[in-house]
Each structure stands twice: as structure tokens, then as C-alpha cells.
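*Asks:* Starting off with a structure, shown below.
The values are calculated or read from the model by the stated rules, or taken from the named source; none is laboratory data. Note that the structure is a prediction, hence the values are computed from the model and not measured. Methodologically, a virtual Cβ is constructed for each residue, glycine included, from the backbone with ideal geometry; neighbour enumeration extends over all protein chains shown. Surface accessibility is based on the protein's heavy atoms, side chains included, excluding ligands, DNA and RNA. Shrake-Rupley method; radii C 1.70, N 1.55, O 1.52, S 1.80 Å.
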Amino acid sequence: MTTGMTDLKTGDSVFMRSASDPLRVGERLGRGGQGTVFGTEMNGRQLAIKWYRPSPSRLFDQKVQASLITLVAGGRPKNPAFIWPIDMVACPGRDGFGYVMPRMESRFITCFQMLSATDPPNFQTKIRIGLNLVDAFASLHTDGLCYRDISFGNLYVDPGTGDVAIIDNDNVGTNGGEALIKGTPQFMAPEVMLDEATPSAESDLYSLALFLFYLFCHGHPLDGIAVERSYNSDERERLSDYDLLLKHFGRVPVFIFDPTNSSNRPIPDHPVSNWWQVYPRFFQELFTRSFTTGLRDATLTGRFAEGMWRKALHRLSDCVWQCQTCHAGLLFDARDIDRACWHCGRTPAPPLLLTAPGYSLVIADGAVLTSRHLMLPGPPNQTIGTAELDERFRGSVLLRNVTSEPWDMEASGEEPKQVRPGQRLLARPGRVRVGGKWASIVRSGEQVAG
């Protein structure tokens, strides 16, 4: 009997280890190199089955099964983004093995699809996606696990909410343990691509930085003119495609914005150059270190852990504002306050900032003041104030108190005022006390009051 005759098919029944009732195999959802994914359901809950065809190596298959059993027994990390194996399944009379998992909701698309859309997501949506990815992998690494294959094929996003879904968690294993998969070549850390190290939490951090660069800059951080020249020169005749990948992404990788090496600048007219210029210098510097020092130093000294990315993404979220002339989305850079708008070329008037020790929030339409900004008790992302516009106050922004306690406002030349719950204050230089903590409102570039 041939392997094709014993493949799992729609209409078959599979059995979970932890339940006696069978699951009916539904429509085929996808097919990859190792196996096929089918739909199924249990008690009205939509699930999916990933079924592995036998490989040429029985030992390899046994190792995959053992790894999956360990993942099922350990349970999903605390973060809900992971589409985690629920239980192993078997099908009498069919070759292979498989597992059942939650079915990914239809609202999720690949990150590549999102970035290729005619209307790409705004800054805040990208930042939410970045934060959700960072939190997810931090949860995984805290459990002593590593993902091993962060790439476009495995990370899905909801472009409306910024939620993420991480699939193919059969790649996951113990940090430092035996790896059955190295990853996707252009997303692999150099030391893994060159077989100098096995996949680890540190190599995950490299791939995470690379994915974040793609998310925010719409291009690969190492794919520049030097790579293009290799594929269009005599070198292509001497080296295979894989050898060229090893060269430019493993042996001698060069960041396209490397401050000391201009040999691999972005390909002319590639959108990555325009996107790069939009971001504040502090954010650019994280990527610069990730793809210079981080290419060579595969430790937490050379690569940024999730906490550093989380802090940077929160700071980036606090920088979002709009051009007063064309209303294009902008990112405020305190080190370059005269930066022109990327869309219309005009230099916007400096925005108002709400400042507190360690934080500086641009007061612009849609900005959210949270407990994090004032280091108040409770959840750090709890909203305590929102910034909004009102046609009666053209050119100004108002802050609404969404807490249950009044705020105190002090402005030069004015009597102290209270802003009761639900009320708004006209943002202007001065001081505001929220939850017993004072914050200053200043015009960017001016001395902080108080």
C-alpha cells in the first residue's frame, strides 16, 4: 500500500489521548513540507488538526512526536497569542501522527499581507502589534523555551486591533535543547545559519528585532545594494542561491544603515529609506545596534531583550502626533524638533508635551495618558486621560479626565482649577496633578516648569 493511500483525509476520524469521542476531520486548511492542516470542531468549538506525514527518518519522526508530547504536557505559555497544541491525535489505519489545536480566527492575516496593503496600518497599530509580539516572546522565554522560527510565515496579525497570533508552535523547544528546525534563512541569526550555534532565546531576539524592523520599515535590514549586485554579477554563476544567502545573511552581513559601512545601502527607490527617516533617533539606534553589534555578539550584551523593546515601543507610542498642515501621522523626535513633515515638507509647530520623571507624552489628538506615565498604582496601561480635539478650540488639544477623582491644574497667571471626572482641560503650559502625582505641560524645546 502506498503512502498516498494512507494519508489522512477529510471525513476520517481521529482520537485524542485525553478524550474517547472522535474528532471528524473537516476541510483541508493548508499543506506544508511536513504535514497538512485540517479543520475540525469539538462541542461547537472550532479547532484544527495538524497531521504529519511519515518522513524518511523514523528517528526524526519519533523526536518530533516526543517534542510535541512535551509541549502538550507543559501547556501554553501565559500569553494568549500562541496557537498551542492541545493534545496528540491518532487515526487507526492512517500513517503519520498529529495534534489538535485552536483554530486561528479569520480576522488574522499575515504581516506581509498587512504591509503590502494599499493603506498600511497607522503608527499606533504597528506599535500595538510590536508590543504584543514582544510580550508573547517574553512569556515564552520566561518559561525556558525558544521559538526557533520567527518569520512571516508564522506570525499573523489583526490589522484592526493589533492583536497577534503565533502558529507552528511545534517549532518550540527547550532553550539550549536539541533543535529539529533551524528557522527561515533570511530571518535566522548568523550563528545559527552558519551552524555555529543551535537556536536559542538569544537567536530568537535577533529574529524578533529583524521582524520589528520589517514591521516598521517595510524592508529587510540586511538586503541592500551589495546583495542585489551579487545576484546580478558573475558571483551568481560561481555561487548557488543558498551560498549567496550564507554570505550576505551569515558570513559578512552588513546593515543597510550601518553608520560606518556604506557598502550595502538600501536599493534605490526602495520604501525602506523613506520609512527609516520617519522614526526618532532613539528608535533608529536600537535597530542600528541590533544589526551591527548584534550581528556578532549573540548575547544579551549585543542583543536587546524584550524589556528594552517594550520600553522603546511605549516611548514611540508617546511620540505619535499629526502635521497641522496636511494631518499626516508623525513621530516627534526631541533631538530633532525642526524635522519637516515627511508628507508635505513643512515644519510643524512644536507640540505640547506632558512630562513626568522618565516619560514625555506628546499631547495630540488620540494620545492616551496612562498610569504608566505617572507611575500610579494599578495596571500600568490603565487609561487616566485622553487627548481630543474640539472645533470650538481650533489649534488646541483638550485633555479629558477619565478617572473617578478630580485633577488639579495650575497655569501661569491663572487661579488654580479643578478638573472633575469627565471634564476636559485646555492643554497649555502649566502643571496638573493626577492621583497625587504632578506632571508638567510644556512646549517642546522649552524649559520644563516646576
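*Asks:* Scan the stretch 269-299 for residues that are touching a residue at least 60 places away in the same chain (Cβ under 8 Å), more than 14 Å from Ile127 (Cβ to Cβ) and not in a helix (DSSP H, G or I) and report the count.
*Replies:* Total meeting the criteria: 3.
*Asks:* Here's something else I'd like to know. Return a yes/no flag: does the stretch 241-252 have any residue that is modelled with pLDDT of 95 or more, buried (at least 16 other Cβ atoms within 10 Å of the Cβ) and closer than 30 Å to Tyr359 by Cβ.
*Replies:* no
*Asks:* State whether one or more residues within the stretch 49-57 are part of a helix (DSSP H, G or I) and open to solvent by 50 Å² or more (accessible area, probe 1.4 Å). Don't jump to the end; show me each part of the working.
*Replies:* We begin by selecting, within the stretch 49-57, every residue part of a helix (DSSP H, G or I); these are none.
Looking through the stretch 49-57, none of the residues is part of a helix (DSSP H, G or I) and open to solvent by 50 Å² or more (accessible area, probe 1.4 Å).
*Asks:* Open to solvent by 10 Å² or more (accessible area, probe 1.4 Å) and in a loop (DSSP other than H, G, I, E, B), is that true of Lys63?
*Replies:* Judged against the criteria, Lys63 is not a match.
*Asks:* Further, regarding this structure: Just checking, how many residues over the stretch 306-318 are within 26 Å of Gly250 (Cα to Cα) and either modelled with pLDDT under 95 or open to solvent by 40 Å² or more (accessible area, probe 1.4 Å) (or both)?
*Replies:* Count: 1.
*Asks:* Related question: Name the residue, out of Asp158, Asp204, Asp168, that is among the acidic types (Asp, Glu) and open to solvent by 20 Å² or more (accessible area, probe 1.4 Å). So that I can check it myself, show each step before the final result.
*Replies:* Working: Asp158 fails: open to solvent by 20 Å² or more (accessible area, probe 1.4 Å); Asp204 fails: open to solvent by 20 Å² or more (accessible area, probe 1.4 Å).
Exactly one residue qualifies, and that residue is Asp168.
*Asks:* Quick one: in the stretch 337-350, of everything that is out of contact with any Leu (no Cβ under 9 Å at 6 or more places or on another chain) and not β-branched (Val, Ile, Thr), which residue is surrounded by the most Cβ atoms within 10 Å (Cβ to Cβ)?
*Replies:* Filtering the stretch 337-350 for residues that are out of contact with any Leu (no Cβ under 9 Å at 6 or more places or on another chain) and not β-branched (Val, Ile, Thr), the one surrounded by the most Cβ atoms within 10 Å (Cβ to Cβ) comes out as Pro350.
*Asks:* Given (1) over 16 Å from the mean Cα position of the chain (by Cα); (2) among the hydrophobic types (A, V, I, L, M, F, W, C); (3) surrounded by fewer than 19 Cβ atoms within 10 Å (Cβ to Cβ), where does Leu295 come up short, assuming only one miss?
*Replies:* (3)
*Asks:* Also, quick follow-up: Could you say whether any residue in the stretch 163-170 is closer than 23 Å to Asp61 by Cα, part of a helix (DSSP H, G or I) and modelled with pLDDT under 95?
*Replies:* yes
*Asks:* Gly302 - would you say it is modelled with pLDDT of 95 or more and either open to solvent by less than 50 Å² (accessible area, probe 1.4 Å) or over 16 Å from the mean Cα position of the chain (by Cα) (or both)?
*Replies:* Here the answer is no, as Gly302 does not meet what is asked.
*Asks:* Which is β-branched (Val, Ile, Thr) and over 30 Å from Leu59 (Cα atoms), of Val227, Val192?
*Replies:* It is Val227.
*Asks:* Inspect the stretch 277-284 for any residue being in contact with a Gly (Cβ under 7 Å, 6 or more places away or on another chain) and at pLDDT 95 or above and give the result as yes or no. Outline the logic, then answer.
*Replies:* First, the residues of the stretch 277-284 that are in contact with a Gly (Cβ under 7 Å, 6 or more places away or on another chain): none.
Among the residues of the stretch 277-284, not one is in contact with a Gly (Cβ under 7 Å, 6 or more places away or on another chain) and at pLDDT 95 or above, which makes the answer no.
*Asks:* Is there any pair with a first residue in the stretch 247-260 that is free of Cβ contacts under 8 Å to residues at least 24 places away in the same chain and closer than 15 Å to Phe187 by Cα and a second that is of a type outside the set (Phe, Trp, Tyr) and assigned to a loop (DSSP other than H, G, I, E, B) whose Cβ atoms are under 9 Å apart and which are 6 or more apart or on different chains, and what are they?
*Replies:* Correct list of pairs: Lys247/Leu239; Lys247/Pro253.
*Asks:* Identify, by number, the condition in (1) farther than 27 Å from Asn175 by Cα; (2) among the small types (Gly, Ala, Ser); (3) outside any loop (DSSP other than H, G, I, E, B); (4) modelled with pLDDT of 95 or more that Ser230 doesn't meet.
*Replies:* Going through (1) farther than 27 Å from Asn175 by Cα; (2) among the small types (Gly, Ala, Ser); (3) outside any loop (DSSP other than H, G, I, E, B); (4) modelled with pLDDT of 95 or more one by one, Ser230 breaks only (4).
*Asks:* In the stretch 30-46, how many residues are open to solvent by less than 80 Å² (accessible area, probe 1.4 Å), assigned to a strand (DSSP E or B), free of Cβ contacts under 8 Å to residues at least 60 places away in the same chain and more than 12 Å from Pro102 (Cα to Cα)?
*Replies:* Result for the stretch 30-46: 2.
*Asks:* Turning to a different aspect of this structure: Would you pick out the residues in the stretch 171-191 that are open to solvent by 60 Å² or more (accessible area, probe 1.4 Å) and assigned to a helix (DSSP H, G or I)?
*Replies:* Hit for the stretch 171-191 is Gln186, nothing else.
Rundown of residues vs (1) of a type in the set (Gly, Ala, Ser); (2) open to solvent by 80 Å² or more (accessible area, probe 1.4 Å); (3) in contact with a Lys or Arg (Cβ under 8 Å, 6 or more places away or on another chain), yes/no style:
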site: Arg372; (1), (2), (3): no, no, no
site: Gly385; (1), (2), (3): yes, no, yes
site: Gly395; (1), (2), (3): yes, yes, no
site: Leu398; (1), (2), (3): no, no, yes
site: Val402; (1), (2), (3): no, no, no
site: Met409; (1), (2), (3): no, no, yes
site: Arg428; (1), (2), (3): no, no, no
site: Arg443; (1), (2), (3): no, yes, no
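*Asks:* Can you name the residue in the stretch 300-324 that is touching a His at 6+ places or on another chain (Cβ under 9 Å) and assigned to a loop (DSSP other than H, G, I, E, B) and, of all such residues, is nearest to Gly395 (Cα to Cα)?
*Replies:* Among them, the one singled out is Cys323.
*Asks:* Tally up the residues in the stretch 101-119 that are open to solvent by 100 Å² or more (accessible area, probe 1.4 Å), aromatic (Phe, Trp, Tyr) and assigned to a loop (DSSP other than H, G, I, E, B), please.
*Replies:* Residues that pass the stated criteria total 0.
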